[in-house]
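Reviewing the structure listed below.
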Amino acid sequence: MSQDTFIHPNAHRPSEERLQRTLTYALEQASAALRMKIDSMSDHKGRLTIKWAATATEAERQFVKSAWEAENEHDIEHRNMDGSLIP
């Protein structure tokens, strides 16, 4: 990851490798603007939680969802910095 990326991954072993693959793929494909919007990604028992530092568009949320689905996972939630769920 570049030094301008501030995403903080959090995973419970053994899912750490899967989360890192998803994060790496998403960052490689994403624009710099999208990378700066993601504050953290957390995988807990197959549920990916994305905490957004800035408002994400539907297309940006879909982009991250597609990266997670590439790991054969479909449970994902998006949250604002205050922890509130983004519908």
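Laboratory data are not the source of any read-out in this text; all were calculated from the coordinates shown. Bear in mind that the values here come from a model prediction, so they are computed numbers and not experimental data. We place every Cβ from the backbone using ideal geometry, glycine too, and count neighbours over all the protein chains shown.
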Can you put GLU73, GLU28 in order, fewest other beta carbons within 10 Å first? GLU28, GLU73
Convert each backbone phi in the range 73-84 into a coupling constant with the Karplus relation 6.51 cos²θ - 1.76 cosθ + 1.60 (shift: θ = phi - 60°), then list the ³J(HN,Hα) values in order as whole Hz, x for Gly and Pro. 10, 10, 8, 9, 9, 10, 10, 7, 4, 7, x, 6
First select every other residue whose beta carbon is under 13 angstrom from the beta carbon of THR22; then total the charges, Lys and Arg +1, Asp and Glu -1. -4
Give me TRP68, TRP52 ranked fewest to most by other Cβ atoms within 10 Å of their Cβ, as a rough exposure proxy. TRP52, TRP68
